[in-house]
Amino acid sequence: MKKLKTDFLIIGGGISGSSLAYLLAKLGFDVTIAEKKSKIGYPHHCSGILGLEAISELVHFDEDWVLSEINWARFISPRGISLEIRKPLAKVVDRESMDRDTWEMALSEGAKGLLSSPFKGFLSRDEARVGRSSIHFEALIGADGTLSKVSELIGFEKLPFELGIQRLLRGRPGNGYIVKIIRGSKFTWLQPWREGRKAGALGDPKDNLLLWTYSISDERSRGYEGGLLPAKTRRRFHKGKVALIGDAAGQIKPISRGGVLLASRAARILAESVSRREDIERAFRRYESKWWRINGREIILGRSIRIYLDLLSPSKIDKIFSLLKEDEDLLEREFEVDRQTALLLALPAVKILKLATEDIAAGASAIAEMIKYIVR
Ligand SMILES: Cc1cc2nc3c(=O)[nH]c(=O)nc-3n(C[C@H](O)[C@H](O)[C@H](O)COP(=O)(O)OP(=O)(O)OC[C@H]3O[C@@H](n4cnc5c(N)ncnc54)[C@H](O)[C@@H]3O)c2cc1C
């Protein structure tokens, strides 16, 4: 077995692993990044919808990745009540190019990239088996996605997950984003994509997601893709010399389930925390508490909204849409792709109370979830 040595061993060459590898290599650390696949960014599965804040927090952004702009959005309730927002909201980027270029940038900063190199387990507290090598590390980062093997081997619980499926369609891309609520917080969407559009659906793996995608568009498909998303954010991101980042840590926006913003932000916070070159466990504690300080309100409130929606019947969701329609101007002003709870916080208190008491039992469950998350 080949023996290697590194300061930071990063498992996973997705956007979170490569962004972190780039930042750490730039700080002068010896970084090794191991990816199990032979090609970065492929096969990709993401919709590539990035809000303007997410774009500004990427470690690097290239206009060449942009496939389309999203200048309006329409949200449709289960029985057809629609809310419309007209303003620049997001860009659709080619995730394949974004992930590949970010990996290349990490390597050009001096990180060692190992392709076709799956993490297989720990040989000791500071040594891991990767492919056919044993790698000694000062710290190991699990950036290995929703089904993270790293998190499992440090004894963390498996994250519940959802499935996203997308049909690639022919036709004119346009510049709008349409979301149709199917049930609770589960939805299907239509978006611009390269030389056409994508119809996507997101839900429980047991749901008939492919069928859902036909409820938003009956255009002919020219291909399919899919991927898993964590259904929950972990409360803890580290144990001993190991930390988690990105989907492995469940760093996903609870309502839309976009992960790129929170993963990029995590990479920056983690890199800044270790830049002080103190004890690694202390640095990881700082990373976790700072990430929660910045994102906690959005995660906890967003998760509670999701629990609430999941308990509502379709007709109650229609009612919520009718209530929000009374404030469509406010919706247009306050809605942000990257801060999805901002709208709720901008609503008058009476309206929030009206929304929350639409279903008392669901409201109580959402509040219980909020408390559980805060005190854990
Ligand atoms: C259908 C769908 C649509 C989405 N749309 C959006 C969107 O529009 N906007 C948005 O912001 N987010 C979106 N997301 C979420 C986003 O794609 C993820 O949050 C983001 O890609 C997470 O990046 P990551 O690097 O943490 O994980 P990943 O991209 O999953 O990368 C993990 C990497 O680790 C590798 N790996 C796994 N196990 C091992 C191992 N044992 N050894 C070595 N390597 C390993 C994998 O091969 C992979 O390359 C979507 C997700 C899905 C499924």
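For region 319-376 versus region 122-187, the inter-centroid distance based on Cα atoms is 28 Å.
Before anything else, pin down the relative contact order of region 186-267: Cα pairs under 8 Å, at least 6 apart, normalised by residue count, whole percent. Working shown, then result.
Numbers: 88 pairs, mean separation 14.3, N = 82.
Computed over region 186-267, the figure is 17 percent.
By other beta-carbon atoms within 10 Å, ranking Leu50, Leu323 with the fewest at the front produces Leu323, Leu50. One equal scatterer on each Cα of the chain, no solvent, Debye formula: the resulting log10 I(q)/I(0) at q = 0.13, 0.15 Å⁻¹ is -1.06, -1.35. A viscosity of 1.567 mPa s and a temperature of 4 °C, combined with the Kirkwood radius over C-alpha pairs in the Stokes-Einstein formula, give region 54-149 a diffusion coefficient of 74 µm²/s.
Across the cross-link table entries Lys3/Lys36; Lys91/Lys372; Lys180/Lys290; Lys206/Lys372; Lys149/Lys180; Lys5/Lys36, which are compared at the Cα atoms, the separations over 29 Å belong to Lys91/Lys372; Lys180/Lys290; Lys149/Lys180. Roughly what % antiparallel, to the nearest 5, for the DSSP beta bridges in the chain? Close to 70 percent. Against the chain, whose longest principal axis comes from its Cα atoms, helix 95-108 is set at around 30 degrees. Neighbour counting of Cβ atoms within 10 Å sorts the residues Leu261, Leu309, Leu114, fewest neighbours leading, into Leu114, Leu309, Leu261.
Model label sites at Leu210 and Ser133, defined 7 Å from Cα along the beta-carbon direction, differ in position by 4.0 nm. Pick out which of Pro173, Pro348, Pro78 has the largest mean-square fluctuation in a Gaussian network model of the chain, springs linking Cα atoms closer than 10 Å. Ranking Pro173, Pro348, Pro78 by mean-square fluctuation puts Pro348 first.
Taking amide H as placed 1.01 Å from N in the peptide plane, Asp144 has its amide H under 5 Å from the amide H of Ile245, Ala248, each at least 5 places away in sequence or on another chain. Dividing the mean sequence gap of close Cα pairs (under 8 Å, 6+ apart) by how many residues the chain holds gives a relative contact order of 19 percent. For the chain, a Gaussian network of Cα nodes joined below 10 Å ranks Gly250, Gly51, Gly121 by mean-square fluctuation, and the top entry is Gly121.
Anyone know which of Glu219, Glu157, Glu272 comes out most mobile in the 10 Å Cα GNM of the chain? Looking only at Glu219, Glu157, Glu272, the biggest GNM fluctuation is shown by Glu157.
In degrees, nearest 10, range 0 to 90: what is the angle between the Cα axis of helix 15-26 and the longest Cα principal axis of the chain? Once rounded, one gets 40 degrees. Placing unit charges on the Cβ atoms only, positive for Lys and Arg and negative for Asp and Glu, gives the chain a dipole magnitude near 960 debye about its Cα centre. The residues Asp279, Asp62, when put in order of fewest to most other Cβ atoms within 10 Å, stand as Asp279, Asp62.
For the chain, the longest principal axis of the alpha carbon atoms and the long axis of helix 260-274 meet at an angle near 40°. Binning all Cα-Cα separations of region 8-94 at 5 Å, short to long from zero, yields these whole-percent fractions: 3, 11, 16, 17, 16, 13, 8, 7, 5, 2, 1, 0.
Please label the shape of region 121-273 as rounded, prolate or oblate, based on the square roots a ≥ b ≥ c of the eigenvalues of the alpha-carbon gyration tensor (a/c under 1.5 means rounded; beyond that, a/b larger than b/c means prolate, else oblate).
Values: a/c = 2.37, a/b = 2.30, b/c = 1.03.
Since a/c reaches 1.5 and a/b is larger than b/c, the shape of region 121-273 is classed as prolate.
Any chance you could check the Cα centroid distance between region 54-69 and region 192-221 for me, in angstrom? So the separation of the two Cα centres works out to 24 Å. Based on the Stokes-Einstein relation at 20 °C and a viscosity of 1.002 mPa s, and on the Kirkwood radius from alpha carbon pairs, region 298-375 is assigned a translational diffusion coefficient of 165 µm²/s.
Helix-only arithmetic for the chain: the sum of -39500 (n - 2.57) across DSSP H runs with n ≥ 4, divided by the residue total, places the mean residue ellipticity at 222 nm at -11500 deg cm²/dmol. Projecting the Cα atoms of Phe156, Phe187, Leu114 onto the charge dipole of the chain (Cβ charges, centred on the Cα centre) puts Phe156 farthest toward the positive pole.
A short reminder: the numbers here are calculations on the coordinates, not readings from a lab. Quantities reported herein were computed from a predicted structural model and do not represent experimental measurements. Here Cβ is always computed from backbone atoms with ideal geometry, including for glycine, and neighbour counts include all displayed protein chains.
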